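Student: Sharing a structure below in structure tokens format, with a few things to ask.
What follows draws every value from the coordinates through simple rules; no lab data is involved. Keep in mind that this is a model prediction, so the values were computed, not measured. Here Cβ is always computed from backbone atoms with ideal geometry, including for glycine, and neighbour counts include all displayed protein chains.
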């Protein structure tokens, strides 16, 4: 029940890459087992192999969705790496406000919502620190996982999630208790109103989202093959307004993948600005 043959693993890895671009690589059977074994029990199946075979078929769409959901869900933190959010207030917001007041930001792999809500909190803090600022921010978060999107929209987090990167000051400022047991808190409406969340596979078209001034895509590209990375990055470029910025994870780069951005070294961190045509 708990084992998976090399041939089944290779088939499943190919299936996952076609469906959502993620490359498992060799010898990641342990990851597949840890993510999918709970579904074997939930669907009352005999084995992990049976689960994978049914997910790769066409009859059980619910199972297929849940398997992809389980394999693409990643943990995240509040204000992860800190410097992207510091750059919003020290560089990006002031720069854009010289020519516009409405700034549109995309959290392109929003997971359970921490990144999008961290951006929203940063915007509110900036407006409070600059009372004369006419900043207006719209944040769109997208993800392929239905369960993650449901959590984003509910905006409720347990104590463990709240302890990962969120200061006590921000917890008091931007959250209210949820429920009667004291184990969860909910994002305040003033933060939620800046955000919206939609389902999107990064392999698909981004046309329905419109244009953005800033795109966050952090610690996501590492899961894709180089040709898929290149496709996604060029689509990001087309989704940015002139002068727009792309923010990647600290260990990610554009080398050999696209020539549509110029590197901007900041202190700290690196971001990428769309080249003018």
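Student: From Cα pairs below 8 angstrom and at least 6 apart in sequence, can you work out the relative contact order of region 6-72, rounded to a whole percent?
Tutor: Working: 39 pairs, mean separation 19.0, N = 67.
It rounds to 28 percent for region 6-72.
Student: Relative contact order of the chain: what whole-number percent is it, with Cα pairs under 8 angstrom and at least 6 residues apart? Before the final figure, lay out each step's value.
Tutor: On the way: 408 pairs, mean separation 45.7, N = 277.
Contact order relative to length: 17 percent.
Student: Can you tell me what the convex hull of the Cα atoms of region 106-210 projects to on average, as an area in nm²?
Tutor: Numbers: hull surface 29.3 nm².
Its Cα hull, projected and averaged over all orientations, spans 7.3 nm².
Student: Dividing the Cα convex hull volume of region 6-72 by residue count, how many Å³ per residue is that? Walk me through the numbers on the way to the answer.
Tutor: On the way: hull volume 5.1 nm³, N = 67.
Per residue, the Cα convex hull of region 6-72 comes to 77 Å³.
Student: Then there's this: Tilt of helix 226-239 relative to the longest C-alpha principal axis of the chain, in degrees (0 to 90, nearest 10)?
Tutor: 40 degrees
Student: Against the longest alpha carbon principal axis of the chain, how many degrees, from 0 to 90 and to the nearest 10, is the axis of helix 114-129 turned?
Tutor: Approximately 10 degrees, to the nearest 10.
Student: Let me ask another. Using alpha carbons only, how many degrees (0 to 90, rounded to 10) separate the axis of helix 61-72 from the longest principal axis of the chain?
Tutor: It works out to around 60 degrees.
Student: Compute the length gained on full extension between residue 176 and residue 234: take 0.36 nm times their separation in residues and subtract their Cα-Cα distance, giving the result in nm to one decimal. Can you show the working numbers first?
Tutor: On the way: separation 58, 0.36 × 58 = 20.88 nm, distance 4.01 nm.
Result: 16.9 nm gained on full extension.
Student: Given the rule -39500 (n - 2.57) for each run of at least 4 DSSP H residues, summed and divided by the residues of the chain, what is its mean residue ellipticity at 222 nm, to the nearest 500 deg cm²/dmol? Before the final figure, lay out each step's value.
Tutor: Working: 12 runs with 114 residues, N = 277.
Using -39500 (n - 2.57) per qualifying helix, the result is -12000 deg cm²/dmol.
Student: At 7 Å along Cα-to-Cβ for each site, give me the label-to-label distance between residue 42 and residue 199 in nm.
Tutor: Here the modelled spin labels are 1.5 nm apart.
Student: Another one. Whole Å is fine, so just give me how far the alpha carbon centre of region 1-50 lies from that of region 64-130.
Tutor: Region 1-50 and region 64-130 have Cα centres spaced 32 Å from each other.
Student: Still on this model: Show me, bin by bin at 5 Å from 0, the whole-percent P(r) of the chain based on Cα pairs.
Tutor: The distribution over the chain is 1, 5, 12, 15, 17, 15, 13, 10, 7, 4, 1, 0, 0, given as percents.
Student: May I ask you to derive the relative contact order of region 110-252, considering only C-alpha pairs under 8 Å and at least 6 residues apart, and to give it as an integer percent?
Tutor: Numbers: 168 pairs, mean separation 34.3, N = 143.
Contact order relative to length: 24 percent.
Student: Still on this structure: Just order 219-227, 78-86 by mean Cβ neighbour count inside 10 Å, highest at the front, would you?
Tutor: Ranked from most to least packed, the peptides come out as 78-86, 219-227.
Student: So between residue 101 and residue 264, what do we pick up on full extension, going 0.36 nm a residue minus the alpha carbon distance? Before the final figure, lay out each step's value.
Tutor: On the way: separation 163, 0.36 × 163 = 58.68 nm, distance 2.27 nm.
Answer, rounded to one decimal: 56.4 nm.
Student: Now for a different question. How far apart, in nm, are two points set 7 Å out from the Cα along the Cα-to-Cβ line at residue 159 and at residue 23?
Tutor: Modelled inter-label distance: 4.3 nm.
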